[in-house]
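Here is the structure we will look at, set down as structure tokens.
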Amino acid sequence: MKGTAPAGISTEQEASRWVRGMFGRIAPRYDLANHVLSLNLDRWWRAETVKRVRQILDRPDARALDLCCGTGDLLLALQAQSTRPVMGSDFCHPMLTSAQEKISRRRRSCPLFEADALALPLPDCSLDLVTVAFGFRNLADYRAGLTEMHRVLKPSGVAAILEFSQPGNTAFGKLYGLYSRRVLPLIGAALSGSRDAYAYLPESIRKFPSAEDLAIRMRAAGFRTAEFFRMTGGTVALHLGTK
Ligand SMILES: C[S@@+](CC[C@H](N)C(=O)[O-])C[C@H]1O[C@@H](n2cnc3c(N)ncnc32)[C@H](O)[C@@H]1O
């Protein structure tokens with residue numbers, strides 16, 4: 001498999017269908033599970049991401065897209081700092097419905113569209129910023145995902161990938177491993193009503209490339225620079241790539 005590999009799935013099409021169906025089932029409870037399981041740190045991780053790309057959002061002509069936007073938390077955090085509407089896309093309709101409700105409740109205006117991150121309906125070199133938070137890990141083909149992000153960015157445009165990572169073989173790493181394998185699936189299942197979604201989560205993090213490896217893959221996909229910042233003991237990493 002070139003990307004995510006849920007248990008018992010053997011082709012990219014099946015992986016993609018499984019991921020879309022799984023997020024569709026947990027969409028109504030996704031935010032609650034997210035905030036509880038991360039002890040609310042997810043808000044801080046997204047705020048840090050916005051800080052790192054703020055100079056792009058400050059530009060009055062900046063065109064930005066939040067890929068795999070889910071229920072819209074990063075999208076809204078980006079929009080709060082942007083003078084122009086930030087777009088959001090996802091391939092899971094129930095997630096986009098939740099995002100639209102949240103955007104309307106907050107009286108914001110962010111254009112949303114339903115699309116696979118591996119085949120965006122956007123011209124080459126059309127964006128200044130592409131972000132993705134906790135969505136990249138779920139793509140069926142990581143190389144294709146990076147190539148697509150690179151394609152839609154203008155020269156000097158920036159890709160920001162916020163994703164879970166592995167904290168390494170420290171005492172904290174071992175404790176985190178225990179939490180993510182034993183505790184998180186139980187709480188996640190209780191909150192969301194979906195056992196398979198929260199069994200998949202730690203498994204998909206374990207199989208995901210290391211932060212160093214992802215930076216190498218970004219350069220291989222054509223990014224001129226690729227740097228990363230670890231957060232919360234290395235459990236999360238933010239990668240920034242410049243085209
Ligand atoms: C863990 S959620 C993250 C949502 C949001 N970005 C956040 O920070 O909470 C992952 C999202 O990625 C979306 N996704 C996964 N694979 C995708 C793909 N190939 N194309 C578009 N969206 C995808 C899922 O539908 C889901 O909404």
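Based on the Cβ-Cβ distance from V183 to N40, what FRET efficiency comes out when R0 is 22 Å, to the nearest 0.05?
Details: r = 16 Å, r/R0 = 0.74.
Calculated value: 0.85.
How long are the three semi-axes of the equivalent ellipsoid of the chain, in whole Å, if each is the root of 5 times an eigenvalue of the C-alpha gyration tensor, listed from largest down? Walk me through the numbers before you get to the answer.
On the way: eigenvalues 131, 84, 66 Å².
Three semi-axes, in Å: 26, 21, 18.
Relative contact order of the stretch 143-243, please, whole-number percent, based on alpha carbon pairs below 8 angstrom and at least 6 residues apart. Intermediate results must be reported in sequence, preceding the final value.
Details: 133 pairs, mean separation 41.8, N = 101.
Relative contact order here is 41 percent.
Accessible area of the chain with a 1.4 Å probe: how many percent of it is carbon plus sulfur? Walk me through the numbers on the way to the answer.
Details: 6240 of 11210 Å².
Exposed carbon and sulfur together represent 56 percent of the surface.
Using 0.36 nm per residue, how much length does the chain from F113 to T11 gain when fully extended, once their Cα-Cα distance is taken away?
34.2 nm
Need one value: the accessible area of T83 in square angstrom, 1.4 angstrom probe, rounded to the nearest 10.
Surface open to solvent at T83 totals about 100 Å².
With every protein chain left in place, what is the accessible area per residue of the chain in square angstrom, probe 1.4 Å?
Numbers: 11210 Å² over 243 residues.
On a per-residue basis, 46 Å².
Can you give the relative contact order of the chain as a percent, counting alpha carbon pairs under 8 Å and 6+ residues apart?
Details: 446 pairs, mean separation 50.0, N = 243.
RCO, the chain: 21 percent.
Enter the Cα centre distance for the pair the stretch 27-61 and the stretch 100-168, rounded to the nearest angstrom.
The distance from the Cα centre of the stretch 27-61 to that of the stretch 100-168 comes to 14 Å.
For the residue pair D31 and K174, what label-to-label distance in nm results when each label sits 7 Å from Cα along the Cα-to-beta-carbon direction?
Reported label-point gap for D31 and K174 is 3.9 nm.
Suppose the chain between S156 and Q100 were pulled fully straight at 0.36 nm per residue; how much longer would it get relative to their current alpha carbon spacing? Kindly include the intermediate steps, with their values, before the conclusion.
Details: separation 56, 0.36 × 56 = 20.16 nm, distance 3.04 nm.
So the chain would gain 17.1 nm between S156 and Q100.
In the neighborhood of C110, defined by Cβ-to-Cβ distances under 13 Å, what is the net charge if each Lys or Arg adds +1 and each Asp or Glu adds -1?
+3
Taking amide H positions as placed 1.01 Å from N in the peptide plane, with prolines and chain starts having none, which residues 5 or more places from C125, or on another chain, fall under 5 Å of its amide H?
Under 5 Å from the amide H of C125: V152, L153.
Just add up the charged neighbours of S194: K/R +1, D/E -1, any other residue whose Cβ is under 13 Å from the Cβ of S194. Don't jump to the answer; show the numbers that get you there.
Values: positive: R25, R29, R195; negative: D196.
Local net charge: +2.
Give me the distance in nm between label points sitting 7 Å out from Cα along the Cα-to-Cβ direction at E227 and K2, one decimal.
Output for this residue pair reads 3.0 nm.
The values are calculated or read from the model by the stated rules, or taken from the named source; none is laboratory data. Bear in mind the structure is a predicted one, so any value in this text is a computation, not a measurement. Heads up, the Cβs are rebuilt from the backbone with ideal geometry, glycines too, and the neighbour counts pull from every protein chain shown. SASA here: full protein model, heavy atoms, side chains in, ligands and nucleic acids out. Shrake-Rupley method; radii C 1.70, N 1.55, O 1.52, S 1.80 Å.
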